[in-house]
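Worksheet for the structure shown next.
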Amino acid sequence: MHHIRTCATRLRPLTAPQAARWPSLWGLAANPRPMRGERQYTAPIAAEHFLNASNLNYVEEMYYAWLENPESVHKSWDVYFRNANSGAPPGTACHTSSLTGVARSQALVGAQPSTEKLVEDHLAVQSLIRAYQMRGLQVTQLDPVRNTDADMESCVLTDIITSPDGLGFYGLEEADLDKVFRLPTTTFIGGNESVLPLREIIRRLEMAYCQHIGVEFMFINDLEQCQWIRQKFEKPGVMEFTLEEKRTLLARMIRSTRFEEFLQRKWSSEKRFGLEGCESLIPALKTIIDKSSQNGVESVIIGMSHRGRLNVLANVIRKELEQIFCQFDSKLEAADEGSGDVKYHLGMYHRTINRMTDRYVTLSLMANPSHLEAVDSVVQGKTKAEQFYCGDTDGKRVTSILLHGDAAFAGQGIVYETFHLSDLPSYTTHGTVHVVINNQIGFTTDPRVARSSPYPTDVARVVNAPIFHVNADEPEAVMYVCNVAAEWRAAFHKDVVVDLVCYRRNGHNEMDEPMFTQPLMYKKIQKQKGVLQKYMEKLITEGIVTRQEYEEEVAKYDKICEDAYTRSKDEKILHIKHWLDSPWPGFFTLDGQPKSMSCPSTGLKEDELVHIGQVASSVPVENFTIHAGLTRILSSRGAMIQRRTVDWALAEYLAFGSLLQEGIHVRLSGQDVERGTFSHRHHVLHDQNVDKRTCVPMNHLSPKQAPYTVCNSSLSEYGVLGFELGFAMASPNSLVLWEAQFGDFHNTAQGIIDQFISSGQAKWVRQNGIVMLLPHGMEGMGPEHSSARPERFLQMCNDDPDVFPKITEDFAVRQLYGCNWIVVNCSTPSNYFHVLRRQILLPFRKPLIIFTPKSLLRHPEAKSSFDEMLPGTHFQRLIAEEGPASQSPGTVKRLIFCTGKVYYDLTKERKTRDMEHTVAITRIEQLSPFPFDLVKAEADKYAGAELLWCQEEHKNQGYYDYVKPRLRSSTADSRAVWYAGRDPAAAPATGNKRTHVVELQRFLNTAFNLDSFRGRS
């Protein structure tokens, strides 16, 4: 941005945030050392006098101040910097030949060239140091196979000294190499020395920034953090390791490497997505965990894709080797319900003692599908939950590690969405260590066509996370940066990235042929000596170990593997439950026995309802001014309580509040959930006179209640839904809800829904009680935000449409236990109240999908009485006809089944047509699992009536395809099921209001035309 150039010096540009870190200088007249403060540096000390002073290292600070505001320095300095910046030759930068007027008269004239050259040389050296700090990584030896530049660029950096000729860029000469220069305060290469010869300065900069570690940090706009990083990499001798540390590192490298070799020998034709080419990952992770444990961390949650997962399970999580090996036996029978996922997707939970600190640490490796980065936000949610439940408000006891592939890290949007949550108050986990396994290839795709950024890690720059690139074939360098990364997280509670630049010795999997697409790269890889062999030879050369000691360590681990392999032969049954990553000890039993398949009443005593309702309609904080419109809303709530009536928002308030009083934490998250998209909720009140002063009345219910968390999220669905899913995994004793701003917004979170929510229990025997609230309904507002796409959720339900189940006394609960998720569309506030409470009172956990209303939030008929929520009441899976038609079922000619909002359109039309005795309308509130027993009872009751399904959605959408076969299976005579609704369409709804009304009237006409289906079959 700004340059100062002379024949003798050239300062590189500063970004705006970097320049902003240098405040104005003041007080030089009284004190020759510039001080920072509010006054400007305008003291009348001419440039030539200061050039002879002993504080040359402050000239750079004055230059940065001048860049911000030329008037902040004395006019002579203004002249000097202006001339130097415009390229004035040596000895003339202090002259005023290029200026006129007042500037010429006040400027310094005739400064001695030698004095000016002295300052310019010092500025040049400071600029040189800055260049290494900013761009030294671009000449770092990062690529182990030296196939390409790790940053995809082959630029020649003229400001990095690679030969004496490069000194000319700074106006320096080879003779200057032995001159002594004062070091600025922005470097630590001097150690305890404040001055060094230029030759030594360059050597130390090369050692710090141009060996096997590349450091990206100069974009960080916090001086303290930058200084912390400089100190870690610039101080002489920082990368020295003890004898014991090197021997431990070698032992870990042996385990990592020999594990993969053992699997290759035993199962050469099996896919395992091995770690060959990045074996240093295992000591890297163990180093991070060791250092984290040393800093007080008690729990580490890890997320990763499939590459290297078995090795991480074996040598980091320390899962029994026989349990891993038996997974390769295709003859094993499944002992647990569900499909069980492949071995390189499964997770694990283990509490163990860290041998480096002698402290207990719990390690969780989260199960993850082949959607490589999908687990990122899930891990963050589980981490946040564990921190919440143990009172870890600053992340000192619970932390997370995320492992990434280079192509996925750069290419998948969930990575950015997860980073974007890292500093949000309700989502921060106080720092994550990200480790990138940088194979420099994505399946068969070269980086140059897989990303637009120089490095795969550039996405992390958006949150000012430092990035440490390291050659993965240099184990000691890897160990050092991992130590620094863990220390950074402990010191600043912010994200940090370790980029392990490595290679993939085999193809995408062990059966793949990489020479098809990367022939030159893999010719080099085939000749590449393994990292273990290189490190072993290095330590033998240094006298750290002998070859005999090395071979004994190898033989020791090989025997461990062979013994485990022998034991694995005894396994006859595959126990997926051994692979749980989030166990809930004690939840599934009561007094040592399995819980009964029953659910108590979800109703409440009236005094409880009244108490919660009174809080919902009040402001429990003194001197708190709310909006006038909100005053009316709270007043209407109070009036409803007096009438013993609730609407949708109040029913939700009663459900949440009652659970909080029972000790159940409730967390509601999503876009604009605090107020509610439709301005109906208002769970967070804002003082109209005091900025940022808020009140959450639900946290004022009782002294011993559980806390209520309600938080507006970032504009992310994929990331936030994954986060809430992970939060719900941590404990079954919490109600965790995610609300879409509109139901169709879940489209962008489909990966979480498909891979984790609908099939999570089947794949990983892992229950989850996440609740999704999806506003849904055709309101004539166009195709956007009308449909929550219920057909997608229903298509993934696992109940059989063609089999009428055996009905038992506990059928309703057992049916819930056997389903993969619960899908409901409530038409009354009381049923919404009950289904939320039932979610916690059930003896197990299932995901709950609720299609919530929009217009029904304020519909005058969509109200419920307290009588429907008192003790003894339950959630109604089906609400039968209760009007005149139910009193004389023999006269009913048509039985209409429906769900949700369309019920109110149907009842209004029926009344208009005076058909309340001939048409019965039944609401199916729980669509899945389907209430076969209740539907059958209704169909039998109206045995002479036609069956019709009515929906407001288009025929190829909504519920019809799901409901029709189940309705037929529920009738003894397999009666035809007719359809009334909109015709098939590509879009969810019309964009024309008049067309919407015409379509509505058309299907209502069909629903009540009793002659429309006569004579058809």
| task | Name, by its number, the condition in (1) surrounded by 23 or more Cβ atoms within 10 Å (Cβ to Cβ); (2) closer than 30 Å to Phe419 by Cβ; (3) of a type in the set (D, E, K, R) that does not hold for Glu652. | result | (2)
| task | Select the strands (runs of 3 or more DSSP E) contained entirely in region 410-502, then report the ones holding at least 1 residues which are of a type in the set (Phe, Trp, Tyr) and in the same structural domain as Gly530 (by TED's automatic domain parsing). | result | 467-471
| request: Scan region 381-402 and give yes if some residue there is closer than 22 Å to Glu562 by Cβ, modelled with pLDDT of 85 or more and of a type outside the set (S, T, N, Q), otherwise no. | output: no
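So, restricting to strands (runs of 3 or more DSSP E) that lie completely within region 891-1002, which ones have at least 1 residues that are of a type in the set (Asp, Glu)?
Values: elements: 894-898, 919-924, 926-928, 946-954, 977-982.
Answer list for region 891-1002: 946-954.
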| note | Of the residues in region 207-230, those that are without any contact (Cβ under 8 Å) to a residue 40 or more places away in the chain and of a type in the set (D, E, K, R) come to Glu224
| request: Mind listing just one residue for me: the one in region 764-783 that is part of a loop (DSSP other than H, G, I, E, B) and farther than 23 Å from His859 by Cα and, of those, farthest from the chain's Cα centre (by Cα)? | output: Val765
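Quick grid of which residues meet (1) surrounded by fewer than 23 Cβ atoms within 10 Å (Cβ to Cβ); (2) touching a strand residue (DSSP E or B) at 6+ places or on another chain (Cβ under 7 Å); (3) within 30 Å of Glu322 (Cα to Cα):
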position	(1), (2), (3)
Val463	yes, no, no
Phe468	no, yes, no
Ala491	yes, no, no
Lys494	yes, no, no
Asp499	no, yes, no
Thr517	yes, no, no
Tyr550	yes, no, yes
Lys556	yes, no, yes
| query | Does region 265-275 contain any residue that is more than 19 Å from Asn354 (Cβ to Cβ), among the polar types (S, T, N, Q) and at pLDDT below 95? | reply | yes
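Just one of Glu200, Glu174 is of a type outside the set (S, T, N, Q), at pLDDT below 90 and farther than 23 Å from Val470 by Cα; which is it?
Values: Glu200 fails: at pLDDT below 90.
After applying the criteria, what remains is Glu174.
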| said: List the residue pairs whose Cβ atoms are under 6 Å apart, where the first residue sits in region 364-385 and is closer than 18 Å to Gln767 by Cβ, the second is surrounded by fewer than 24 Cβ atoms within 10 Å (Cβ to Cβ) and of a type in the set (Ser, Thr, Tyr), and the two are 6 or more positions apart or on different chains. | reply: Ser364/Tyr349
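Quick one: is His508 crowded, with 17+ Cβ neighbours inside 10 Å and outside any strand (DSSP E or B)? Walk me through it before giving the result.
Values: crowded, with 17+ Cβ neighbours inside 10 Å: yes; outside any strand (DSSP E or B): yes.
Here the answer is yes, as His508 does meet what is asked.
Being modelled with pLDDT of 60 or more, in contact with a Phe, Trp or Tyr (Cβ under 7 Å, 6 or more places away or on another chain) and of a type in the set (Val, Ile, Thr) is true for just one of Val139, Val73, Val59. Which residue is that?
Values: Val139 fails: in contact with a Phe, Trp or Tyr (Cβ under 7 Å, 6 or more places away or on another chain); Val59 fails: in contact with a Phe, Trp or Tyr (Cβ under 7 Å, 6 or more places away or on another chain).
Selected residue: Val73, the only one of Val139, Val73, Val59 that is modelled with pLDDT of 60 or more, in contact with a Phe, Trp or Tyr (Cβ under 7 Å, 6 or more places away or on another chain) and of a type in the set (Val, Ile, Thr).
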| message | So the check is Cβ under 6 Å with 6+ separation or different chains; which pairs have a first residue in region 161-178 that's in a loop (DSSP other than H, G, I, E, B) and a second one that's surrounded by fewer than 18 Cβ atoms within 10 Å (Cβ to Cβ)? | response | Gly171/Cys7
| message | Take the residues in region 595-649 that are in a helix (DSSP H, G or I) and in contact with a Lys or Arg (Cβ under 6 Å, 6 or more places away or on another chain); name whichever of them is nearest to Val736 (Cα to Cα). | response | Ala649
| query | Looking at region 854-867, is at least one residue surrounded by fewer than 17 Cβ atoms within 10 Å (Cβ to Cβ), small (Gly, Ala, Ser) and over 23 Å from Ala788 (Cα atoms)? | reply | yes
| request: Have a look at Glu916, Glu938, Glu953, Glu909 and point out the one that is at negative phi, crowded, with 22+ Cβ neighbours inside 10 Å and touching a helix residue (DSSP H, G or I) at 6+ places or on another chain (Cβ under 9 Å). | output: Glu953
| request: Restrict the check to region 878-900 and report whether at least one residue is buried (at least 21 other Cβ atoms within 10 Å of the Cβ), within 30 Å of Ile612 (Cβ to Cβ), not assigned by TED's automatic domain parsing to the domain that holds Phe756 and not hydrophobic (A, V, I, L, M, F, W, C). | output: yes
| query | Hey, among the residues in region 975-996 that are more than 16 Å from Tyr903 (Cα to Cα) and aliphatic (A, V, I, L, M), which one's surrounded by the fewest Cβ atoms within 10 Å (Cβ to Cβ)? | reply | Ala986
| field | Of all residues in region 812-826 being of a type outside the set (A, V, I, L, M, F, W, C) and touching a Leu at 6+ places or on another chain (Cβ under 9 Å), the one that is surrounded by the most Cβ atoms within 10 Å (Cβ to Cβ) | value | Asn825
| field | Subset tally (residues that are charged (D, E, K, R) and modelled with pLDDT of 95 or more) for region 694-716 | value | 0
| remark: All-but-one check, Arg448 against (1) surrounded by fewer than 17 Cβ atoms within 10 Å (Cβ to Cβ); (2) within 14 Å of Ala460 (Cβ to Cβ); (3) among the charged types (D, E, K, R), failing number (2)
| said: Could you tell me how many of the residues in region 970-1017 are at pLDDT below 90 and of a type in the set (Phe, Trp, Tyr)? | reply: 1
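Within region 630-643, count every residue that is of a type outside the set (Gly, Ala, Ser) and either touching a strand residue (DSSP E or B) at 6+ places or on another chain (Cβ under 6 Å) or within 13 Å of Gln614 (Cβ to Cβ) (or both). Don't jump to the end; show me each part of the working.
In the first step, residues of region 630-643 are kept if they are of a type outside the set (Gly, Ala, Ser); the result is 630-634, 637, 640-643.
Then drop every residue that is not either touching a strand residue (DSSP E or B) at 6+ places or on another chain (Cβ under 6 Å) or within 13 Å of Gln614 (Cβ to Cβ) (or both), which leaves 634, 637, 640-642.
So the answer is 5.
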| query | Would you pick out the residues in region 865-890 that are among the small types (Gly, Ala, Ser) and in a helix (DSSP H, G or I)? | reply | Ala885, Ser886, Gly890
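Report the residue count in region 716-758 for those that are among the charged types (D, E, K, R) and assigned to a helix (DSSP H, G or I).
Within region 716-758, the subset among the charged types (D, E, K, R) is 717, 724, 739, 744, 754.
If we keep only those that are assigned to a helix (DSSP H, G or I) as well, we get 724, 744, 754.
Of the residues in that region, 3 qualify.
Of these, Val238, Val300, which one is touching a strand residue (DSSP E or B) at 6+ places or on another chain (Cβ under 7 Å), outside any helix (DSSP H, G or I) and not assigned by TED's automatic domain parsing to the domain that holds Glu206? Break it down into steps so the answer makes sense when it comes.
Values: Val238 fails: touching a strand residue (DSSP E or B) at 6+ places or on another chain (Cβ under 7 Å).
That would be Val300, the only listed residue that is touching a strand residue (DSSP E or B) at 6+ places or on another chain (Cβ under 7 Å), outside any helix (DSSP H, G or I) and not assigned by TED's automatic domain parsing to the domain that holds Glu206.
The values are calculated or read from the model by the stated rules, or taken from the named source; none is laboratory data. Keep in mind that this is a model prediction, so the values were computed, not measured. FYI the Cβ positions are ideal-geometry reconstructions off the backbone, even for glycines, and counts take in every protein chain you see.
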